[in-house]
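Chemist: Take this structure, written in structure tokens, and hold onto it; I'll ask about it next.
The values are calculated or read from the model by the stated rules, or taken from the named source; none is laboratory data. Bear in mind the structure is a predicted one, so any value in this text is a computation, not a measurement. Cβ atoms come from the backbone with ideal geometry, glycine included; neighbour counts cover every protein chain shown. Accessible surface is based on the protein model in full, side chains and every heavy atom, while ligands, DNA and RNA are left aside. Shrake-Rupley method; radii C 1.70, N 1.55, O 1.52, S 1.80 Å.
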Amino acid sequence: MATIQAQKKASPGSHILVISTTWKNHTDYGLSKEEVGYLDGYFKDAAKKQQSFNSCGRIISVLLVDPKKEAHLVMETCRKHGGSVADMVNGIKGKDLNIYNATKQVSYSYAAAEGAALANYQFIKHKTTAKDQKNALQHINLTGSGFDAKVLNKLNIVVSATTKARDLVNEPVNLLNATDLANAFKHMGKEAGFKVEVYNKKKITELKMGGLLSVNAGSVDEPTFTIMEYKHKAKNKKPFVLVGKGVVYDTGGLSLKPTPNSMDAMKCDMAGAAAVGAAMYAIAKAKLNVHVIALVPATDNRPGFNAFAPGDIITMMDGTTVEMLNSDAEGRMILADALHFAKRYKPELTIDIATLTGAAMAAIGTSGIVSMGNAPKKYSDKLKASGNNVFERLAEFPFWDDYADQMKSDIADQKNLGSSYAGSITAGKFLEKYTDYPYYHLDIAGPAFIPAKDGYRPKGGTGTGVRLFFDFFNSI
Ligand code: BES
Ligand code: MN
Ligand code: ZN
């Protein structure tokens, strides 16, 4: 991981990124006459907004921003550009990147540094030749004044937390089953300072978590239910509860996912769990003044001998009976028990996050999070604002009661399958039944795991949700 730090003085000769509104050279940049001449000429064309090049082994990059544009869009431009410059620096095994900011907005420096640090991520622990492939970038230096040590600290924390989430998502199920995931949370709790309690199968059975047990029935591995809690000089009286889907692998169960391809990425089905665990890590490391509880029901979903069969009627933890018509709609089965469990905390607000429906991805692709819920407007607005701030944007879907009708069963209280339309919403409505508190639902099936690198988001696990939650709780 690269560290983001402030530095008072320029370090001449190192790789640089200059952020400005218009191009103008400064002696601090340490550019040669030829380099200045080239940039002067290049930016004469007012349409040109960025240029990066390798000048005799030194990466030189200039980004011109338009402060009249919406703030969050400018920030994202800086993040993306920071990411691309980090890639160039890594391309020539550079260790340091200096960011100069000629504008008055220090936030542009933070954003560029964040993009660079996030782009520096690699998942190469399983490569036996990793040594020669490891990124060289170690320091991202913000040159100038006005930087806030607290903000820098939080930036480093949230980048490292995002890294942890990405690592968990990228780890395959043969190396990360439900128990391993729970153990990973225990480690994170120890390191950052939050409580972690893990229920095993015996306890889950005693609690009659029928949804979680039904999904686990076809597996040889035990399910886990993890409870994480952080409280420090909390501004909120009632706790916020986060719930993350922890399906460590989703084969679809007996409703087996079809070949080819549809199962390949399904180690990512615990991305919601990774997001809440890593968010807890960041919140605790930064010692935010909040009380947050995170719940993770975890299991793999497999078609083993005792696997739950379409048609089965499952009694959930709250006593609701569910006609289980498709074992690939397993996420809602395990989340329902966790949402019911959350009632005991009398939450101020509960937010769940899950790679829940292919329909979410079909609707908006990998660019954003499908969201919905009945939370007070002040919270849904705040989440949407955080989504814009960190560019994990929320696309809010309707949450009308009509959609719940589709989940009625003729022979049980509910079924776990709706019609072929509005699949993300019917899943959300299914879950709402298990709540008695303000509720908001985030479906990250699209952005959690992406097929190709996209700016500072690496191929594979992206860590979606971590920065969103951190921004949300950072300003509670
Ligand atoms: N884990 C999947 C959803 C998913 C799809 C996540 C693609 C990431 C990428 C989920 O458990 C699932 O299989 N959902 C079904 C629900 C259906 C059977 C009602 C789906 O979306 O097809
Ligand atoms: Mn599924
Ligand atoms: Zn799933």
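Chemist: Output the residue which, of all residues in the range 300-316 that are open to solvent by less than 50 Å² (accessible area, probe 1.4 Å) and closer than 15 Å to Ser409 by Cα, is farthest from ligand 3 (Cβ to nearest atom).
Modeler: Gly311
Chemist: Now, a different point. Take the range 260-295 and flag every residue that is closer than 25 Å to Glu222 by Cβ, more than 14 Å from ligand 3 (Cβ to nearest atom) and not in a helix (DSSP H, G or I).
Modeler: If the condition is that a residue be closer than 25 Å to Glu222 by Cβ, more than 14 Å from ligand 3 (Cβ to nearest atom) and not in a helix (DSSP H, G or I), then Ile293, Ala294, Leu295 are the ones that fit.
Chemist: Could you tell me which residue of the range 91-109 is farthest from Thr143 (Cα to Cα), considering only residues that are open to solvent by less than 40 Å² (accessible area, probe 1.4 Å) and assigned to a strand (DSSP E or B)?
Modeler: Leu97
Chemist: Applying the selection to the range 301-348, what residues are small (Gly, Ala, Ser), within 22 Å of Leu207 (Cβ to Cβ) and either free of Cβ contacts under 8 Å to residues at least 60 places away in the same chain or more than 16 Å from ligand 2 (Cβ to nearest atom) (or both)?
Modeler: Gly319, Ala338, Ala342
Chemist: Among the listed residues Ala86, Ala136, Ala112, which satisfies the condition of being part of a helix (DSSP H, G or I) and out of contact with any His (no Cβ under 8 Å at 6 or more places or on another chain)?
Modeler: Exactly one residue qualifies, and that residue is Ala86.
Chemist: Something else: Here's a check for you: in the range 317-339, which residue that is within 14 Å of ligand 3 (Cβ to nearest atom) and part of a loop (DSSP other than H, G, I, E, B) is surrounded by the fewest Cβ atoms within 10 Å (Cβ to Cβ)?
Modeler: Asn326
Chemist: Kindly indicate whether Lys127 is charged (D, E, K, R) and in contact (Cβ under 8 Å) with a residue 12 or more places away in the chain.
Modeler: Here the answer is no, as Lys127 does not meet what is asked.
Chemist: Is it the case, given these coordinates, that Gly218 is within 14 Å of ligand 3 (Cβ to nearest atom), over 23 Å from the mean Cα position of the chain (by Cα) and either crowded, with 24+ Cβ neighbours inside 10 Å or in a strand (DSSP E or B) (or both)?
Modeler: Against the criterion (within 14 Å of ligand 3 (Cβ to nearest atom), over 23 Å from the mean Cα position of the chain (by Cα) and either crowded, with 24+ Cβ neighbours inside 10 Å or in a strand (DSSP E or B) (or both)), Gly218 does not qualify.
Chemist: Considering the range 435-456 alone, what residues qualify as being crowded, with 24+ Cβ neighbours inside 10 Å and charged (D, E, K, R)?
Modeler: Asp443
Chemist: Is it the case that some residue within the range 441-455 is aromatic (Phe, Trp, Tyr) and within 16 Å of ligand 2 (Cβ to nearest atom)?
Modeler: Among the residues of the range 441-455, at least one is aromatic (Phe, Trp, Tyr) and within 16 Å of ligand 2 (Cβ to nearest atom), which makes the answer yes.
Chemist: Filter the range 53-79 down to the residues that are surrounded by 16 or more Cβ atoms within 10 Å (Cβ to Cβ) and in contact with a strand residue (DSSP E or B) (Cβ under 9 Å, 6 or more places away or on another chain) and list them by number.
Modeler: The answer is Arg58, Ile59, Ile60, Ser61, Val62, Leu63, Leu64, Val65, Thr77, Cys78.
So that you can scan it fast, the table gives a plain yes or no per residue for (1) open to solvent by less than 40 Å² (accessible area, probe 1.4 Å); (2) farther than 23 Å from His15 by Cα; (3) out of contact with any Lys or Arg (no Cβ under 7 Å at 6 or more places or on another chain); (4) assigned by TED's automatic domain parsing to the domain that holds Asn90:
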site: Gln138; (1), (2), (3), (4): no, no, no, yes
site: Thr143; (1), (2), (3), (4): yes, no, yes, yes
site: Asn170; (1), (2), (3), (4): yes, yes, yes, no
site: Lys203; (1), (2), (3), (4): no, yes, yes, no
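Chemist: If Met228 satisfies every condition in (1) open to solvent by less than 10 Å² (accessible area, probe 1.4 Å); (2) in a helix (DSSP H, G or I) but one, which is the exception?
Modeler: (2)
Chemist: Counting just the residues of the range 340-357 that are among the aliphatic types (A, V, I, L, M), in a strand (DSSP E or B) and more than 13 Å from ligand 1 (Cβ to nearest atom), which one comes out surrounded by the fewest Cβ atoms within 10 Å (Cβ to Cβ)?
Modeler: Looking at the filtered set, the residue picked out is Leu349.
Chemist: A follow-up question, please. Please go through the range 115-133 and give me each residue that is outside any helix (DSSP H, G or I) and either out of contact with any Asp or Glu (no Cβ under 7 Å at 6 or more places or on another chain) or closer than 18 Å to Ser84 by Cβ (or both), ordered by number.
Modeler: Within the range 115-133, Asn120, Tyr121, Gln122, Ile124, Lys125, His126, Lys127, Thr128, Thr129 meet the criteria.
So that you can scan it fast, the table gives a plain yes or no per residue for (1) open to solvent by 20 Å² or more (accessible area, probe 1.4 Å); (2) more than 16 Å from ligand 3 (Cβ to nearest atom); (3) free of Cβ contacts under 8 Å to residues at least 40 places away in the same chain:
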residue	(1), (2), (3)
Ala359	yes, no, no
Asn388	yes, yes, no
Ser424	no, no, no
Lys433	yes, yes, no
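Chemist: Select, from Leu213, Leu176, Leu181, the only residue that is assigned by TED's automatic domain parsing to the domain that holds Met324, in a helix (DSSP H, G or I), in contact with a Leu (Cβ under 8 Å, 6 or more places away or on another chain) and under 30 Å from Phe305 (Cβ atoms).
Modeler: Leu181
Chemist: Pick from the range 1-60 the residues that are outside any helix (DSSP H, G or I) and charged (D, E, K, R): which of them is farthest from the chain's Cα centre (by Cα)?
Modeler: Residue satisfying both the conditions and the ranking: Lys44.
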